[in-house]
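Working notes, beginning with the structure itself.
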Amino acid sequence: MILWDIDTQVDFMRPEGKLYVPDAEEIAPALQQLVAAARAAGIVHVASADDHELTDAEISDSPDFETTFPPHCLRGTRGAQKIEETEQQDPVPLTLEPLPDTYLKGREFLLLKKSFDVFTNPNTDRLLDHLDPDEIVVFGVATDICNDAAIRGFLARGRTVRFVADAARGLNEADVVACTTDWRQAGVTFTNTAEVIRKL
């Protein structure tokens, strides 16, 4: 089992954030419990994080909120940082640059990305193959965008996925219902924070 933490960054998680996900701050205690329990159990904690520059294709002053979004998680800003509850202690940062396999060692990994889809970072597939988990426990934001892209990517690669429903929030309720319905039909297991911690 590995813990897969999706985009728990200030710009998404806090009301003052540039692309705030409604009610995201409410799940912060659950996120903290998951990360602390994984750390105590020695479970690998993979986190993805947007790492944008204003020239990125996803960034737009007139966004469609499907493939383009307003400026957010700009490199070097407070908004790009992970919230305190999910902050990693000593992560291995994985940018878009090719890395030798010798870098894929550790208990915490930080996958930086220019798109909402974590698999646009070529090191995501390499890390997943290296870790080869029997199960991926997914939480974070936003359910209907970044979580959806990651989970569909895992399923396409034949991975077993468990979604922590009380440790995630989405942007659009109708889209959340649509994607979570698809996930259930594809075999994703839905769980909660307490159950995950018991299994650790």
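The values are calculated or read from the model by the stated rules, or taken from the named source; none is laboratory data. Fair warning: this is a prediction, and the values are worked out from it, not measured in the lab. Counting neighbours? That spans all protein chains shown, and the Cβs are built from the backbone with ideal geometry, glycine included. Areas reflect the complete protein model, heavy atoms only, side chains present, ligands, DNA and RNA absent. Shrake-Rupley method; radii C 1.70, N 1.55, O 1.52, S 1.80 Å.
Where the second residue is outside any strand (DSSP E or B) and buried (at least 16 other Cβ atoms within 10 Å of the Cβ) and the first is of a type in the set (D, E) and lies in segment 157-169, which pairs have Cβ atoms under 6 Å and are six or more apart or on separate chains?
D166/A30; D166/T193
Could you tell me whether any residue of segment 68-83 is on the phi < 0 side of the Ramachandran plot, over 15 Å from the mean Cα position of the chain (by Cα) and open to solvent by 60 Å² or more (accessible area, probe 1.4 Å)?
yes
Check segment 119-137 and report whether any residue there is within 10 Å of the chain's Cα centre (by Cα) and assigned to a strand (DSSP E or B).
No, every residue in segment 119-137 fails to be within 10 Å of the chain's Cα centre (by Cα) and assigned to a strand (DSSP E or B).
Only one of these is among the basic types (K, R) and either touching a Leu at 6+ places or on another chain (Cβ under 6 Å) or at pLDDT below 95 (or both): R126, R152, R184. Name it.
Testing whether each residue is among the basic types (K, R) and either touching a Leu at 6+ places or on another chain (Cβ under 6 Å) or at pLDDT below 95 (or both) leaves just R126.
Would you confirm, using the coordinates I've provided, whether P71 is touching a residue at least 12 places away in the same chain (Cβ under 8 Å) and either assigned to a loop (DSSP other than H, G, I, E, B) or farther than 17 Å from K114 by Cα (or both)?
yes
Restricting to segment 156-182, give me the number of residues that are open to solvent by 10 Å² or more (accessible area, probe 1.4 Å), out of contact with any Phe, Trp or Tyr (no Cβ under 8 Å at 6 or more places or on another chain) and over 18 Å from D5 (Cβ atoms).
12
Pairs, please: C-beta under 9 Å, at least 6 apart or cross-chain, first residue over 15 Å from A156 (Cα atoms) and in segment 174-200, second outside any helix (DSSP H, G or I) and among the hydroxyl-bearing types (S, T, Y)?
From segment 174-200, the pairs are T189/T160; K199/T191.
Which is of a type in the set (V, I, T), within 16 Å of the chain's Cα centre (by Cα) and within 28 Å of V10 (Cβ to Cβ), of V177, V164?
V164
Going by what's in this entry, would Q89 be described as buried (at least 22 other Cβ atoms within 10 Å of the Cβ) and of a type in the set (S, T, N, Q)?
no
Got a number for residues in segment 141-193 being among the hydrophobic types (A, V, I, L, M, F, W, C) and in a helix (DSSP H, G or I)?
Result for segment 141-193: 14.
With respect to the numbered conditions (1) outside any strand (DSSP E or B); (2) touching an Asp or Glu at 6+ places or on another chain (Cβ under 8 Å), which one is the sole condition not fulfilled by L112?
Tallying (1) outside any strand (DSSP E or B); (2) touching an Asp or Glu at 6+ places or on another chain (Cβ under 8 Å), L112 fails exactly one: (1).
Looking only at residues that are touching a helix residue (DSSP H, G or I) at 6+ places or on another chain (Cβ under 7 Å) and within 14 Å of D51 (Cβ to Cβ) in segment 94-108, which one is least open to solvent (accessible area, probe 1.4 Å)?
Only one residue fits best here, namely L94.
Any residue in segment 82-106 that is within 24 Å of A30 (Cβ to Cβ) sitting within a Cβ distance under 6 Å of a residue that is among the acidic types (D, E) and open to solvent by less than 60 Å² (accessible area, probe 1.4 Å)? List the pairs, counting only those 6 or more apart or interchain.
Between residues of segment 82-106 that are within 24 Å of A30 (Cβ to Cβ) and residues that are among the acidic types (D, E) and open to solvent by less than 60 Å² (accessible area, probe 1.4 Å), the close pairs are T86/D5; Q88/E108; P91/E108.
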